[in-house]
């Protein structure tokens, strides 16, 4: 009996009212992992099994910062189903599938194109990996397959819940007095069938725990042998490029205190790419993030917290046409379903780009950065407060100020944003959230070629219902 025949037989058996619940659970526990992972029945010896799903329904209503672009009203439905099993004490396996489906997106007569493998309701594989946790006296963990990889808050590296096809090793120090850990991975992002046009991503992170602080030193290497459209920070149009080699080196410090945190991050970019005609362009630039926050129980405001943060990334200098100093981590955290995430609910800025009304669901790139033409790099101020005056309600207010680090001509003012949010934890499995995010575009978005200023206040209002089961 092959896996397909077995699955039909098992499903029919489980729907049979005469089968006992205990026996049905036993069949699911031993056979379902084998079906999903392609393991022969004779080798199935699962010791535990966890099945579950996360469901998110988000209503979105936007008005854009440009009068010539219509707003959008739609629902974003997202379902993630997972299976986690211990095949033995030395082997763990995880399979996670995802489905994203927008409702009521006007003007969408063709399947929605996005950064996801599918955003039209069909299931696709987010994760499928095997984990070996007990190598060399539990000091080495190997993870093989399509897996999640995130460094810190995702400033330079996050799979963004897509998964990386990767091999990863995590190593703990064998010496008690010298407490460190090493994480290294190699991932294949794109695999070209014809020619050597693959995209490879490799990274190493070295971490040290020192009392209340944790230090992390990291290196990230990206090699893209394909051809892509690229726009340097001080340019206003794209040109085909190839042979992109990007290296990002960084250090990260964060406190390990229960009710407060202090963090600092610094990154340096290097590398090169080639333009048509063989012109070689060097990559430079840097970025840093400074942040602090604290929470405390109060008599009037309940659980009250405050956070402040400053983020900076360098922009391209027009005086150096052979060097692109705009800091651009291609694999930073950017997305939550079909909507962007970052500094601000609407503007959703990262260290290199922001929300783009012209192509809101497309992958971020140098040509789709959401920034005015000729600007690059960002300076971001974030300040926010949160309060839980009545359990289980949490209220929040955040303010953001955005400035470009470099502009080919004109002002660098990108705008500001206020975000107002409320969440209601109905139970441990159900949470409701609502937010209103209001963005005021700065003078950098004014087009001098237009007689009429097309800027206007933008907004993004959302309502979420999240269920875990």
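Kindly put 146, 177 in sequence by how many other C-beta atoms sit within 10 Å of each C-beta, fewest to most.
If I rank by nearby Cβ atoms, fewest first, I get 177, 146.
Whole Å is fine, so just give me how far the alpha carbon centre of the stretch 51-101 lies from that of the stretch 107-180.
Here the answer is 16 Å between Cα centres.
Need the full-extension length gain, residue 256 to residue 73, defined as separation in residues times 0.36 nm minus the C-alpha distance. One decimal, nm.
Net length gain for the segment: 61.8 nm.
Using the Kirkwood formula over every pair of different C-alpha atoms, what hydrodynamic radius in Å results for the stretch 246-333?
That comes to 15.7 Å for the stretch 246-333.
With a Förster radius of 41 Å, plug the Cβ-Cβ distance of residue 358 and residue 138 into 1/(1 + (r/R0)^6) and report the FRET value to the nearest 0.05.
0.20
Fewest first, what order do 451, 100, 212, 385 take by the number of other Cβ atoms within 10 Å?
Listing 451, 100, 212, 385 from fewest to most nearby Cβ atoms yields 451, 212, 385, 100.
Using only the Cα atoms of the chain, what do you get for the radius of gyration and for Dmax, in Å?
Gyration radius and largest Cα-Cα distance of the chain: 24.3, 79 Å.
Pop a pseudo-label 7 angstrom from the Cα along the beta-carbon direction at both residue 294 and residue 320 and give the gap in nm to one decimal.
The answer from the label model is 4.0 nm.
If you fit an axis through the alpha-carbon atoms of helix 3-14 and take the longest principal axis of the Cα set of the chain, what angle between them do you get, 0 to 90°, nearest 10?
70 degrees
Going by how many other beta carbons lie within 10 Å of each one, how would you line up 258, 223, 412, fewest first?
Arranged by neighbour count, lowest to highest, 258, 223, 412 become 258, 223, 412.
If R₀ is 60 angstrom, what is the calculated FRET efficiency for the pair residue 88 and residue 411, using the beta carbon separation as r and rounding to 0.05?
Taking R0 as 60 Å, the efficiency between residue 88 and residue 411 is 0.45.
Once fully extended, how much extra length lies between residue 210 and residue 48, figured as 0.36 nm per residue of separation less the alpha-carbon to alpha-carbon distance?
54.8 nm
Just to confirm my numbers, what's the Cα centroid distance between the stretch 189-250 and the stretch 349-416 in Å?
Centre-to-centre (Cα) distance: 22 Å.
For residue 228 and residue 245 in the same chain, what is the full-extension length gain: residue separation times 0.36 nm, less their Cα-Cα distance, in nm?
Fully extending the segment from residue 228 to residue 245 adds 4.8 nm.
Under 18 Å from a label point 7 Å along Cα→Cβ of residue 424: give me every residue in the stretch 378-416 with its amide N that close.
So the set is 387-396.
Between residue 301 and residue 238, with labels modelled 7 Å along Cα→Cβ, what's the label distance in nm to one decimal, could you check?
4.5 nm
Label residue 397 and residue 122 with points 7 Å out from Cα along Cα→Cβ: what is the distance between them in nm?
4.8 nm
Laboratory data are not the source of any read-out in this text; all were calculated from the coordinates shown. Quick caveat: nothing in here was measured; it's all calculated off a predicted structure. Cβ sites come from the backbone with ideal geometry, for glycine too, and all protein chains shown count toward neighbours.
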